[in-house]
Structures are given as C-alpha cells and as structure tokens.
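Just so you know, all these numbers are worked out from the coordinates, no wet-lab data involved. Note that the coordinates shown come from a computational prediction; the quantities given were computed from them, not determined experimentally. We place every Cβ from the backbone using ideal geometry, glycine too, and count neighbours over all the protein chains shown.
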Amino acid sequence: MHGPASPGWLLVALCAATGAYCLLRMRSTVEEQRRTAGGEALMGFGMAVMAVPAAVATPPRGFWFAYAIVFGGAALRALWEARESAHHLHHLMGVGAMAYMAAAMAASPGHHGHGGIPPLTGALVLYFAVYVLWSGMGLVPVAAVATAGGARPVGWGDRPELARVCRLSMAIAMLAMLFAL
C-alpha cells in the first residue's frame, strides 16, 4: 500500500497477529468456527502482505493479478457460504474489497489516490466504517459456554469475544487500506 512506512508496519503487525489468532481458532471443536476462522486467517495474512509499505517492497504487477484471482476465488466461496450464515456476507465484503484493491493496484501500480475517491471505494469505506462502529458497540463480555454439567473452560480458539475483536481489527485495517488506495 502507498503511504508512510511506520503506520504501514503497524498495519502489517495488526493483520499478521489477527491472521495468527485465526489460525489458532481453527483448532476449535466447532466445525463452523473452524471454517470461518480459515477464511479470516486468509484475510488477515493477505492484508498483512498487502499492507507492506511500498517503499520497502513493490511487488511486480503480476503479483496483484494473482492476488485478485485468489481473493476473487475466496469471494465466490464466501458467496456460496452466505446462503447459510449472515456472517459470510461480511466475509464476502472483505474478500471482495481485497480483490478490488488488488485489481486496482494491478491496473495502475503506484498511481492511486489521485483525482478523488472512486464510487466503489467510497461505498466500501462507508460499509467498513459502519461495520466498525456497529461491531465496536457490540463488544460486551460474553458468558462462557455452558453445558448440562455446568460451565466448561473455553479455550482460546473458542472465545467469541476474541473472534469479534479479530473481525473488528480487520475492518479497521481494511478502512486504512482503502484510504491508502
């Protein structure tokens, strides 16, 4: 992404940490959580790579085409899974935004942010800004999952409030990346 190096590295660290936690969530005993965590890990690590400051590494144009194909495929999968869960609609927006940013960078590497905000970028910024505000307000402590024999300890991979924080941090990072586009 284009912009100052220090915030770029902070964005890389945030996205990589989020991707790493999502990998940890893939160890959950709940199948739906494992599948969702896998897609979110892809998003986290993909965003980390995309956020590397351009002054450090400027990938070749073909890299952005490959990125657009990978995230376009992830968008098709999220679209297919959206028929089961509303969360997948948000995931569809995220991977769609990644495919869009990769395609924009492939189309004109090094020449972004000039001449106003394109309508699709503006719509994505609006979506993620609303999502950040909405999900930030929803961060309240969640009770431990109870079983018939009482409360069972919840592992790090099964903490719903941490999953929400991951999604919130990725949405904030997406906003930063869209503004840098």
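Fully extending the segment from E31 to F179, taken as 0.36 nm per residue of separation minus the present Cα-Cα distance, adds 49.8 nm. Rounded to the nearest Hz, the phi-derived 3J(HN,Hα) couplings of the stretch 7-22 under the Karplus curve 6.51 cos²θ - 1.76 cosθ + 1.60 (θ = phi - 60°) are x, x, 5, 5, 5, 4, 5, 4, 5, 5, 5, 5, x, 5, 5, 5, where x marks glycine and proline. Averaging sequence separations of C-alpha pairs under 8 Å and six or more residues apart, then dividing by the length of the stretch 1-78, give the relative contact order as a whole percent. Across the stretch 1-78, relative contact order equals 38 percent. Which trypsin sites (Lys or Arg not before Pro) in the stretch 2-98 sit in a loop by DSSP (not H, G, I, E or B) and have at most 16 other Cβ atoms within 10 Å of their own Cβ? Hits after loop and neighbour filter: R27, R83.
Each residue of the stretch 128-137 was assigned a 3J(HN,Hα) from its phi angle through the Karplus expression (A = 6.51, B = -1.76, C = 1.60, θ = phi - 60°), giving 5, 5, 5, 4, 4, 5, 5, 6, x, 5 Hz with x at Gly and Pro.
Exposure proxy ranking for T18, T58, T29, based on other Cβ atoms within 10 angstrom of each Cβ and starting from the fewest, stands as T29, T58, T18.
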